[in-house]
Amino acid sequence: MSAFPGVAYKVLTAAQMAQFEQDGRFAGAPVDLADGYIHMSTVEQLGETVAKHFAGQDDLFVLAIDLVTLGDAVKWEPSRGGALFPHLYASLPRSAVIAQAPLSRCPDGVIALPAAAASI
């Protein structure tokens, strides 16, 4: 059994989400394409990721991703402050998304997880 969580999260802009739904795959945001992998976050890292990379942006979506289905294409690598982040070295297939929702916050300011993923 892995010490890493089986679910990670990816934030997409409305345009990226529309393209993902049309294509059935997500090749990555500009930063992902530049770095050679798709950046994802754990539930604990999600708030800081949104604050750092999406501050002031509206029309965002959160995808809950089943990492188990992605197998060895997911690598856990150090990033901010040495924390391990999940990185996907492949395009993201629609079949790996277990839940999605427009990005919203709970009354306490925490990012609300997509409903199906909230209990995972």
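The values are calculated or read from the model by the stated rules, or taken from the named source; none is laboratory data. This one's a predicted model, so the numbers in the text were calculated from it and none came from an experiment. FYI the Cβ positions are ideal-geometry reconstructions off the backbone, even for glycines, and counts take in every protein chain you see.
So, Asp32, is that one among the acidic types (Asp, Glu), more than 24 Å from Ala115 (Cα to Cα), surrounded by 19 or more Cβ atoms within 10 Å (Cβ to Cβ) and at pLDDT 95 or above or not? Answer is yes for this residue. Taken together, Ile98, Ile65 contain a single residue that is surrounded by fewer than 19 Cβ atoms within 10 Å (Cβ to Cβ) and under 15 Å from Gly6 (Cα atoms), which is Ile98.
Selection of first residues in segment 90-108 that are modelled with pLDDT of 95 or more and of second residues that are among the hydroxyl-bearing types (Ser, Thr, Tyr) and surrounded by fewer than 19 Cβ atoms within 10 Å (Cβ to Cβ), restricted to Cβ pairs under 8 Å at least 6 apart or on distinct chains, gives the following pairs, ordered by first then second residue: Ser95/Thr69; Ala96/Thr69.
Selection over segment 1-53 of residues that are in contact (Cβ under 8 Å) with a residue 24 or more places away in the chain, among the small types (Gly, Ala, Ser) and in contact with a Leu (Cβ under 9 Å, 6 or more places away or on another chain) gives a count of 5.
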